[in-house]
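One structure is given below, encoded as structure tokens.
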Amino acid sequence: LTGVLDDCLCDIESIDDFNTFKIFPKIQKLQERDYFRYYKVNLKRPCPFWADDGHCSIKDCHVEPCPESKIPVGIKAGSSNKYSKAANNSKELEDCEQANKLGAVNSTLSNQSKEAFIDWARYDDSQDHFCELDDERSPDAQYVDLLLNPERYTGYKGPSAWRVWNSIYEENCFKPRSVYRPLNPLAPSRGGDDGESFYTWLEGLCLEKRVFYKLISGLHASINLHLCANYLLEETWGKPRWGPNVKEFTRRFDPMETKGEGPRRLKNLYFLYLIELRALSKVAPYFERSVVDLYTGNGHEDAESKALLLDIFRDTKSFRMHFDEKSMFAGDKKGAKSLKEEFRLHFKNISRIMDCVGCDKCRLWGKLQTQGLGTALKILFSEKEIQSLPENSPSKGFQLTRQEIVALVNAFGRLSTSIKELQNFKVLLQKTR
């Protein structure tokens, strides 16, 4: 892959260099820190769209939850919006006062009214979310140590895995059913089309809908790259050996084997990288405030984590060729608002489809990367709110939960890894020729 990406003025070589020498080493370090390695997730939510196929029984599909004793005290005790010690103390007082106020009212409310209040609060909270968020208070939600449950090829494949991606593309990418995606095994044979009608349709879309498709395709390409780079090569005496599988990479991305589709998918990966990079540069002011502490309970560790995160933000701002999201939703106000809401609801639906993934490890990483991208979109469409944040108090207009922060950083870390792995495959392919 070389040259300029469509829909933005950026070339692939610049992204490769920037990622390899600036971003990748730092984001790897950040992901190892306690604040970012523990992610709370509910892997038992039922699939809302079709009857469950049953879970993958392959042992590598299993996710090992983290015992409560291993979770840092600041993460375990904190609610989703508690970042710092000071915030914890003031929040407890607020909660106490609120409970006293509600106590007087609650005795006169019927259960039905109480439920309505809870629904309203949940509705208000969800208005700026692009993802269906897991309820962290659910007894089924568990902390997972991401470092001990790495994303890799587990053997989960076939109709169940295909149905998830097919549902994402067919029902959520603004595509009419009469237009068939290239290499879609469920599409009827169409002779020598090779996807031309699909790309004619895609070029005819407005920028926003074209971007939406590219984001999903880029996420799919990134996940496929992780599976090719971390493949079960052999198992000797019960000891698995994981590593890059060149044959699998070629099958999924080679121009000849994919009829030109592979390079397009990889270009969409770069496009997604630029979108999430842009979100990181935009959200920097949120984290630069003294009120945000990345609180785990270990003061020294927390200060180091924040310093490293701010260092990464400085790098993201130094990149000269960002995607310009101002061109999106820039039409008449009414039309733009309606399109943005459609965009948000489509993406929210995709986050719900991730509960249909049959392999727990694939579901964990699918949910995390989808939530990370959803958080990036939330940031890009909240620029005014971020710019007007108060310095020394939590913001009412724009908030990120700890879950969103962890997902944002780890999802971008996965994209950074994908681009690094792509460089490794280039070297391996040269050696095999």
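No lab work stands behind these numbers, since they all come straight from the coordinates. Quantities reported herein were computed from a predicted structural model and do not represent experimental measurements. Here the Cβ is made from the backbone with ideal geometry for all residues, glycine too, and neighbour counts use every protein chain on show.
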Query raised in the report: How large is the charge dipole for the stretch 280-391, taken about the Cα centre, if only the Cβ atoms of Lys, Arg (+1) and Asp, Glu (-1) carry charge, to the nearest 20 debye?
Result: 600
Query raised in the report: Once you list every other residue whose beta carbon is under 14 Å from the beta carbon of Asp311, what net charge do they have if Lys and Arg are +1 and Asp and Glu are -1?
Result: +4
Requested in this report: Find, among the GluC sites (Glu not before Pro) in the stretch 335-416, those assigned to loop by DSSP (not H, G, I, E, B) with at most 16 other beta-carbon atoms within 10 angstrom.
Outcome: Glu391
Report summary line: For the stretch 2-49, the percent of all C-alpha pairs falling in each 5 Å bin, from 0 up to the bin holding the max distance, is 4, 15, 13, 11, 12, 12, 13, 15, 5
Requested in this report: First measure r as the distance between the Cβ atoms of Lys239 and Ala161, then evaluate 1/(1 + (r/R0)^6) with R0 = 22 Å and state the FRET efficiency to the nearest 0.05.
Outcome: 0.25
Query raised in the report: Dividing the convex hull volume of the alpha carbon atoms of the stretch 235-281 by its residue count, what do you get in Å³ per residue?
Result: 94
Report summary line: Heads up, the stretch 294-417 by the C-alpha gyration tensor (a ≥ b ≥ c square roots of eigenvalues; a/c under 1.5 rounded, else a/b over b/c prolate, else oblate) looks oblate
Query - R0 of 30 Å, Cβ-Cβ distance Glu385-Asn184: FRET efficiency to nearest 0.05 - result: 0.15
**Report entry** Cβ-defined net charge surrounding Arg289, 13 Å radius [Lys, Arg +1; Asp, Glu -1]
**Finding:** -2
Query raised in the report: What base-10 log of the normalised intensity I(q)/I(0) is obtained for the stretch 249-314 from the Debye formula, alpha carbons as equal point scatterers, at q = 0.20, 0.21 Å⁻¹?
Result: -0.78, -0.83
